[in-house]
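Following: one structure in structure tokens, then a few remarks.
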Amino acid sequence: MSQHDVTLLLGSNLGDTEKNIKTALNFIEIEIGPIIRRSDILLTKPVEFASNNIFCNIVVLIKTQLSPVNLLNSIKRIEVDMGRIEDSSVTKAYVDRIIDIDIVLYGDLKFECKTLQIPHKKHLYEREFSRNLLMSLKTH
């Protein structure tokens, strides 16, 4: 099986946010693949919804053998295992969350289905904090 370079963005704004990120990264390494590079952690205000809870965010580059859909399924399992109850793809609204893991890039692949769009256009083009994290990943 071939290895794929995948860029993930993680965010948490409930509980011990840095610990939540570290826990998710451990799950990713065990269940999905090794982390090759990581950005610094960035604290940001919520985007596209109102909340007083600040987000802890990080971008990581991983290697995985999983297909995009299998990767998404593994990510959703990690989110649920960590206590995430509501998913914005289902509720169509953003809310506070213990962990959020988004697939930003999957090599050079362009992929779209009902539950997944790669590349993740909002993180690449619309959200300044995401672009800053992605740029810092390239310099590490």
Degrees between helix 128-139 axis and first principal axis of the chain (Cα, 0 to 90, nearest 10): 40 degrees
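Which value, in debye to the nearest 20, describes the size of the charge dipole of the chain about its Cα centre when Lys and Arg Cβ atoms bear +1, Asp and Glu Cβ atoms bear -1, and nothing else is charged? Working shown, then result.
On the way: 18 positive and 18 negative charges, 48 e Å.
Computed about the Cα centre, the dipole is about 240 debye.
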Helix 68-81 sits at what angle to the longest principal axis of the chain, using alpha carbons and giving 0 to 90 degrees rounded to 10? 40 degrees
Surpassing 22 Å at the alpha-carbon level, of the pairs Lys45/Lys110; Lys63/Lys110; Lys76/Lys114; Lys19/Lys76; Lys19/Lys122, are Lys45/Lys110; Lys19/Lys122
Which one, Val69, Thr44, Asn132, is farthest towards the positive end of the dipole of the range 4-139 when Lys and Arg carry +1 and Asp and Glu -1 on their Cβ? Asn132
Would you mind checking the tilt of helix 17-31 against the longest principal axis of the Cα atoms of the chain, expressed as 0 to 90 degrees and rounded to 10? 20 degrees
Name the longest site-free stretch of the chain, where the excluded sites are trypsin sites (Lys or Arg not before Pro) in a DSSP loop with no more than 12 other beta-carbon atoms within 10 Å. 1-91
Rounded if a/c is under 1.5, else prolate if a/b beats b/c, else oblate: with a ≥ b ≥ c from the C-alpha gyration tensor eigenvalues square-rooted, which is the range 4-139? rounded
Could you compute the net charge surrounding Val60? Neighbours are other residues with a C-beta less than 13 Å from the C-beta of Val60; K and R count +1, D and E count -1. +1
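Laboratory data are not the source of any read-out in this text; all were calculated from the coordinates shown. All figures in this text were calculated on a predicted structure; none of them were measured in a lab. Positions of Cβ are generated from backbone atoms using ideal geometry, with glycine treated the same way; all protein chains shown enter the neighbour counts.
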